[in-house]
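Here the structure comes first, spelled out in structure tokens, and everything after it is commentary.
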Amino acid sequence: MIAEIQDLLNDQIKYEANASMQYMSMASWAENTGFSGVANFFYAQSEEERAHMIKLVKFVNERGGKAVIPQLDEPSSDFDSLNTLFETFLKSEMFVTEQIHKIIYVCLENKNYNVHNFMQWYVTEQLEEESVARDLLDKLNIIGNDKTGHYLFDRDIASITAAE
Ligand code: OFO
């Protein structure tokens, strides 16, 4: 693969890793704030992002490239509400989607259909994750500042996401 595509895939490794640490930080905030359902949700998201990162690392190495294990950005840890937490979630997913589309664009420009094909899995994954993030944020916007609503949201988040 050409250097430009390898560099983009290595950037993507970093974005997935950053997302994993960001969600871990969000899980930890939720746990400390008494939202154990939300904490479990973000611990699981963090694991998923780690799996996405590893999938890329292996792909780059298996295709004769060299995966770079990056230094990560410090995740935000200071959230003032569940709304802020889920806004951060949606923003993070939208950023990752944009980067994936960039890779796809460069693959098409360079007629690299192997990487293009591999990246389709990420396109589908992003569609799902963005839609979950949007739905949960919509629910929180309806709930507003209602404490009982937050309690129920936290209690039901596992079933809410399973039903999406
Ligand atoms: Fe890696 O799936 Fe979202 O960001």
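Every number here is computed from the coordinates shown, using simple stated rules; none is lab data. It should be emphasised that the depicted structure is a prediction, and the values quoted were computed from it without experimental measurement. Please note: Cβ atoms are built from the backbone with ideal geometry, for glycine as well, and neighbour counts cover all protein chains shown.
General remarks:
- Per residue convex hull volume, Cα atoms of the chain, in Å³: 100
- Look at Ser25, Ser131 and count the other Cβ atoms within 10 Å of each Cβ; fewest to most, that gives Ser131, Ser25.
- The residues packed around Ala27, meaning those with a beta-carbon under 13 Å from its beta-carbon, carry a net charge of -4 if Lys and Arg are +1 and Asp and Glu are -1.
- Computed E for Ser159/Gln120 - FRET, C-beta separation, R0 22 angstrom, nearest 0.05: 0.15
- Relative contact order of segment 75-164, pairs being alpha-carbon contacts under 8 Å that are 6 or more residues apart, as %: 34
- Cα gyration tensor shape of segment 69-152, rounded if a/c is under 1.5, else prolate or oblate by comparing a/b with b/c: prolate
- Neighbourhood net charge (9 Å Cβ-Cβ; Lys/Arg +1, Asp/Glu -1) for Thr97: -4
- Helix runs (DSSP H) in the chain reaching 24 Å along axis by Cα, Kyte-Doolittle at least -0.5: 36-62, 82-109, 113-143
- Ascending count of other beta-carbon atoms within 10 Å, so fewest first, for Lys66, Lys91: Lys66, Lys91
- Summing Lys and Arg as +1 and Asp and Glu as -1 over all other residues whose Cβ lies under 11 Å from the Cβ of Leu72 gives a net charge of -2.
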